[in-house]
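Please read the structure below before turning to the comments.
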Amino acid sequence: MKKIAVLLCGAIIGAVLLTGNAQAADKFAYIDLSRTFSEYNKTKGYDKTLSDKEKVYTDERDKKVAELKAFQDKLSLLNDKEREAKGGELQNKVKDFQEYDRSKQADLRKEQDEKMKEILKDIEAAVKKYSEKEGYTMVLNDRVLVYQIPSMDITSQIIAILNGGKK
């Protein structure tokens, strides 16, 4: 999930959170989106849930592969006529397995994408809430910055809000 977070950073780079009116005393900050994402408790929970689901899928997949191999081994012991008769059955089993595999992988990817979007919305809401409270005009993702000073980093505060520490 962390790799996807980095990829989505590019999508969020353009998303600049503006609050308040742009006046002479503008206040700017930035967050480390990757760190925020990885230290958010919800991310850790989703990672565990998705890992568990992936393990179940992998176990089921391995079982199906073993069944296919066993069937294929049985076919190799048959004479040509019997092998030809059962060849269609093997092709159907392989086709069913491939469809199962594609479907499960797509389901896992879809769920991962949905969870990531939810987490990013939470981060955006926390940044907005904190920015409005503290009077920030603009909060940037650290990926778009060539140079930044640590005093402008509000990552820890955002993580605390997300994890229920400081509101």
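The values are calculated or read from the model by the stated rules, or taken from the named source; none is laboratory data. This structure is a prediction, so every number in the text was calculated from the model and none was measured. All Cβ positions, even for glycine, are placed from backbone atoms using ideal geometry, and neighbour counts span all protein chains on display. SASA here: full protein model, heavy atoms, side chains in, ligands and nucleic acids out. Shrake-Rupley method; radii C 1.70, N 1.55, O 1.52, S 1.80 Å.
Looking only at the range 25-45, how many residues end up being open to solvent by less than 40 Å² (accessible area, probe 1.4 Å) and either part of a strand (DSSP E or B) or over 23 Å from Glu132 (Cβ atoms) (or both)?
7
So, in the range 140-167, how many residues would count as being in a helix (DSSP H, G or I) and aliphatic (A, V, I, L, M)?
Here the count works out to 7.
Could you run through the range 52-83 and say how many residues are surrounded by 11 or more Cβ atoms within 10 Å (Cβ to Cβ) and not β-branched (Val, Ile, Thr)?
15
Can you pull out the residues in the range 123-139 that are open to solvent by less than 40 Å² (accessible area, probe 1.4 Å), in contact (Cβ under 8 Å) with a residue 60 or more places away in the chain and not in a loop (DSSP other than H, G, I, E, B)?
Ile123, Val127, Ser131, Val139
Could you please tell me which pairs satisfy a Cβ distance under 8 Å, a separation of 6+ or placement on different chains, a first residue in the range 35-46 that is within 22 Å of Arg143 (Cβ to Cβ), and a second residue that is surrounded by 15 or more Cβ atoms within 10 Å (Cβ to Cβ) and acidic (Asp, Glu)?
Matching pairs, first to second residue: Tyr40/Asp122; Lys42/Asp122.
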